[in-house]
Amino acid sequence: MYLSKLLLQNFRSYQNQLFEFDPKLNLILGPNGSGKTNILEAVFFLSSGKSFRSSSQSKLINWSSYFSSVRAKIIDNQKDTTEIEVRISKDPKLSTSSISRKFLIEKVVKTRKKYLGIIKNVVFQPEDIRLITGSPTRRRDFLDEIFFQTEWRYSSALSQYNRGLKHRNELLDQIKQNLASPNDLFYWDQVLIKNSKIIHDFRIAFVKSVNTFFSNHNDSQINTISINYRPSILNEDKLKNNYQIDLNRGYTQIGPHRDDFSLDNSIFGATDKNLAFWGSRGQQRLAVLALRLAQINFLEETYHDKPILLLDDIFSELDLEHQQLVVKVCQKYQTIFTSSEPDSINILGNAKIIQL
């Protein structure tokens, strides 16, 4: 499957713009601020109705409008063409940015459950270094991003879990003030227990796939890397044992919202292999690249479909050897690069050039 055409209406800086892509390599060239990343964001938006840059959907709508549409023609392995679209809109009469969202296949509105999985993306961006050096929230967002595109069950479980967590934390505060009974926690505890298992099952499956990919890789710098997942397991006994601590602090201490992981390297000492503390900048960049390559492998092996690769100005972050590794991998997939450097044409000599 590949993306043939992309029509943006009132999306970010684009009011009405059509782009056409090659089935393999594409290079979007333009100065900083010309809207290169907006195009990648739109392709990513098509997969799940979410952005990889902003949690606020209202920011995706061009400032002069109240709706936005991202529409595309995709062509599958049998050369059949399908039109897909994601629309968002806001009510101009409301001061709050209340956003409605619609998913369409061949101009017919579909539920998100039936829409997910049609198109899959993997994004490479310089900010990915924060997967190593940044907060646990950034790493949990990465895990969520993988399944938001493909698994309605995961997306639904996470939504229900977050809702249950909010209500449980509010109840803890009310219990502390003698405005509610501890027995009132039972329902929300069950919501957390049920949905945390679904979330952890998906996350663990991904981590196992990543570590297999790393250990089998023929690059000697990649096959020493591993992902060390530290899940915060939640069950009925742990909630009971933690009750007094949760009550004193006013929020729930355990669960998927406290998960974290690190990227470790076996060339370091056995006591601490975390690249966040012991890796050079170059080693950290390579580990992030390896993690994205493992994500590609996971999506392809799990769903038997090739994702579209979106690479946002990453060549400046890699040495020549690993630039060549990226280009070699990208030959197997439809890939959209962005760059502000005309010299990028020399790295991607056979790419279709889209000049902004």
Under 12 Å Cα-Cα from Lys240, which aspartates and glutamates qualify once same-chain neighbours fewer than 8 residues away are excluded?
-> Asp189
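Write down, largest first, the equivalent ellipsoid semi-axes of segment 128-304 in whole Å, where each equals the square root of 5 times an eigenvalue of the alpha-carbon gyration tensor.
Numbers: eigenvalues 247, 68, 29 Å².
Gyration-tensor ellipsoid for segment 128-304: 35, 18, 12 Å.
Which FRET efficiency, nearest 0.05, do Ser13 and Lys176 yield, Cβ-Cβ r, R0 45 Å?
0.40
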For the Ser4, Arg138 Cβ pair and Förster radius 56 Å, calculated FRET efficiency rounded to 0.05 is 0.95
Could you name the lysines whose alpha carbon sits less than 16 Å from that of Lys352, not counting residues in the same chain fewer than 8 places away?
-> Lys5, Lys24, Lys36, Lys332
Highest-first arrangement of 15-22, 104-111, where packing means the average Cβ count within 10 Å | 15-22, 104-111
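Order these peptides, 202-209, 43-50, 175-182, 253-260, by their mean beta-carbon neighbour count within 10 angstrom, highest first.
43-50, 253-260, 202-209, 175-182
From the Cα trace of segment 230-294, what convex hull volume per residue do you get, rounded to a whole Å³? It would help to have the intermediate numbers written out before the result.
Working: hull volume 9.0 nm³, N = 65.
Enclosed volume per residue, from the Cα hull, is 139 Å³.
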In what order do Val86, Val191 fall by count of nearby beta-carbon atoms within 10 Å, going from fewest to most?
-> Val191, Val86
Just subtract the alpha-carbon distance of Ser56 and Lys110 from 0.36 nm times their residue separation and send over the number in nm, one decimal.
-> 17.2 nm
Rounded to whole Å, sorted largest first: equivalent-ellipsoid semi-axes of the chain, Cα gyration tensor = 36, 28, 18
Which entries in Lys59/Lys306; Lys90/Lys328; Lys110/Lys197; Lys194/Lys328; Lys59/Lys208; Lys102/Lys194 show an alpha-carbon gap greater than 32 Å?
-> Lys90/Lys328; Lys194/Lys328; Lys59/Lys208
Compute log10 of I(q)/I(0) for segment 2-123 with the Debye formula, placing one identical point scatterer on every Cα and leaving out solvent, at q = 0.20 Å⁻¹, to two decimals.
-> -1.19
Of all DSSP beta bridges in the chain, antiparallel share, percent nearest 5 = 70
Taking the square root of 5λ for each eigenvalue of the C-alpha gyration tensor of segment 226-356, the equivalent ellipsoid has semi-axes, largest first and in whole angstrom, of 40, 19, 15
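Any read-out appearing in this document is the output of simple, stated calculations on the displayed coordinates, not a laboratory observation. Everything quoted here is computed from the prediction, not taken from an experiment. With ideal geometry, Cβ positions are generated from the backbone for all residues, glycine too; neighbour counts draw on all protein chains shown.
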